[in-house]
1. Per residue of region 253-270, in order, report the coupling 6.51 cos²θ - 1.76 cosθ + 1.60 (Karplus, θ = phi - 60°) as ³J(HN,Hα) in whole Hz, putting x for Gly and Pro.
2. If r is the Cβ-Cβ distance from Asn322 to Gln194 and R0 is 56 Å, what FRET efficiency results, to the nearest 0.05?
3. From the residues Gly267, Asn301, Leu350, which one has its Cα farthest along the dipole of region 228-378 in the positive direction, the dipole being from +1 and -1 charges on Cβ of Lys/Arg and Asp/Glu about the Cα centre?
4. Restricting things to Cα coordinates, could you compute the convex hull volume per residue of region 250-312 in Å³?
5. Which of the lysines could a cross-linker span from Lys284 if the Cα-Cα distance has to be under 27 Å and same-chain partners fewer than 8 positions apart are dropped?
6. Hey, what D do you get for region 100-230 in µm²/s if you plug the Kirkwood alpha-carbon radius into Stokes-Einstein at 25 °C and 0.890 mPa s?
7. When the Cα centres of region 220-292 and region 314-373 are compared, how far apart do they sit, in Å?
8. Checking a compactness column here: for region 203-348, what do you get for Rg(Cα) / (2.2 N^0.38 Å), N being the number of residues?
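The values are calculated or read from the model by the stated rules, or taken from the named source; none is laboratory data. Small disclaimer: the values here were computed from a predicted structure and weren't measured. A quick note on method: Cβ atoms are made from the backbone with ideal geometry, for glycine too, and the neighbour counts reach across all protein chains shown. Only protein heavy atoms, including side chains, enter the accessible area calculation; ligands, DNA and RNA are left aside. Shrake-Rupley method; radii C 1.70, N 1.55, O 1.52, S 1.80 Å.
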Amino acid sequence: MSWIEGGFQRKLIAAYLGLVLAIVVVAGMYLLVSTNGPRVSWPSLLIGGLLALAAAAILGSFFAHQVTRPIAEMTAVARRMAEGDFSRKMPAPSSDEIGHLGRTLNLMAGRLEDRLIELEGERAKGTAVLDSMVEGVVAVDGSNRILLINASACRLLDASSVAAAGRPFLEVIRNKEMLDLLDRTLTEGTFARQELRIFTPVQRVLQVHASPLKGRAQTAGAMLVLHDVTELRRLEMVRTEFVANVSHELRTPLTSIRGYLETLLEGGLADRKHARPFLEVIHKHTERLGRLVDDLMDLSNLELGKVALHRQPTVLAEVVRNATTIYGPQAAKQEIKLRAELPHDLPHVLADRDRLVQILINLLDNGLKFTSKGGTVRVSASLTHPTPNTLHPAVDFVEVAVHDTGIGIPSQDLPRITERFYRVDRARSRELGGTGLGLAIVKHLVKAHGGELAIESELNKGTTVRFTLPIAPLGKNLV
């Protein structure tokens with residue numbers, strides 16, 4: 001027991017006993033002196049005193065218990081409140097000072113419980129906001145120990161939020177550059193920003209903002225906000241490459257045209273023997289410029305969604321036959337076998353006929369350009385069923401494949417092969433007259449039809465380009 005529960009009670013009992021004993025002694029002496037004189041009976045006096053003493057002790061203990069019991073209960077309630085348990089309250093306190101203290105204690109417990117519930121709700125809201133943020137957030141104290149880390153930061157930095165609180169920053173996030181940025185912020189107490197490149201779990205570019213957390217007298221910690229700018233930097237690089245590639249593609253024919261025209265204007269027109277070849281070269285480069293501008297316009301309209309497809313049920317075999325007929329003479333000249341292998345019972349596809357011809361022409365043109373003498377370019381088709389990732393899961397598709405036995409594409413170049421102006425062998429592509437936009441146009445046209453494009457290739461063995469087209473519903477006119 002505490003002093004209140006033990007010492008105070010003992011002192012109260014002792015006070016009662018002392019008072020009673022004093023009363024007994026005084027009463028006994030009074031009786032002894034005033035009534036009986038020398039004939040007083042000492043045993044009777046002793047027995048009476050003991051009985052009075054026992055009665056006083058019982059009454060003192062009872063009254064002491066009545067005083068100390070509510071105090072003991074309040075002590076137990078306060079102890080449980082300190083441990084976070086507000087379920088126990090003081091039962092029906094009396095109207096005296098101790099009762100007033102009990103009611104105040106109950107009121108304080110209720111308000112503390114309400115405030116803790118409110119704080120827990122605010123904490124839950126803050127956690128939900130942090131976890132729903134796209135940006136990563138990491139907070140550390142003055143010793144670089146983690147205070148909090150949200151889900152986006154864990155995803156970006158390949159870290160775990162389990163038991164992260166209280167652990168050193170470098171133990172959870174193994175990035176020295178980020179730690180140096182934190183140290184600089186904690187030391188200087190100022191805002192800092194830096195762009196970092198990380199390589200795990202995947203290569204990313206992060207823009208990191210570090211802000212100090214101010215305490216009463218000094219910097220108490222720092223907060224990092226992480227922005228994933230990988231895609232933004234990639235798009236900036238693509239834009240820069242696009243401008244450089246367009247400039248180069250335009251400059252090459254324009255330089256040739258300008259050179260030949262200057263020669264003709266300086267007197268070359270009089271030389272009829274050489275004037276015509278010069279004009280033919282100018283005409284060739286003018287056509288190349290026209291193709292480049294047309295492809296750029298097509299690609300721009302496709303990316304902006306400005307191309308309206310007129311999709312109708314189409315006989316795929318006829319479109320393939322028309323495309324192979326166009327390239328028949330070129331294949332014969334290069335001594336390349338050009339074949340179409342389509343089953344007779346192939347269903348009709350829902351496609352824009354002109355755009356489908358454009359897709360096949362681009363793919364056949366690439367196949368013939370990069371296939372050596374004696375090789376083969378083959379067009380095939382088959383029925384395929386939808387996959388869980390297909391845009392139209394209720395529709396079956398026809399898969400068209402254009403296969404060649406050409407030089408192939410290195411595996412590291414396959415992910416970028418459909419980008420604008422991307423070439424594996426730039427010198428050979430320009431020599432063959434390509435604009436570098438064919439596969440980019442094919443990708444967007446296939447996507448506009450609701451299909452998917454896939455490219456498989458093995459170096460020095462050949463390339464297969466596959467794309468899907470939805471099957472046309474029954475009951476529509478054929479084109």
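1. Coupling constants for region 253-270: x, 5, 4, 5, 4, 5, x, 5, 5, 5, 5, 5, 5, 8, x, x, 5, 6 Hz.
2. After rounding to 0.05, the efficiency reads 0.45.
3. Of the options given, the answer is Gly267.
4. 100
5. Cross-link targets: Lys273, Lys333, Lys369, Lys373.
6. 150
7. Answer, in whole Å: 30.
8. That ratio works out to 1.93.
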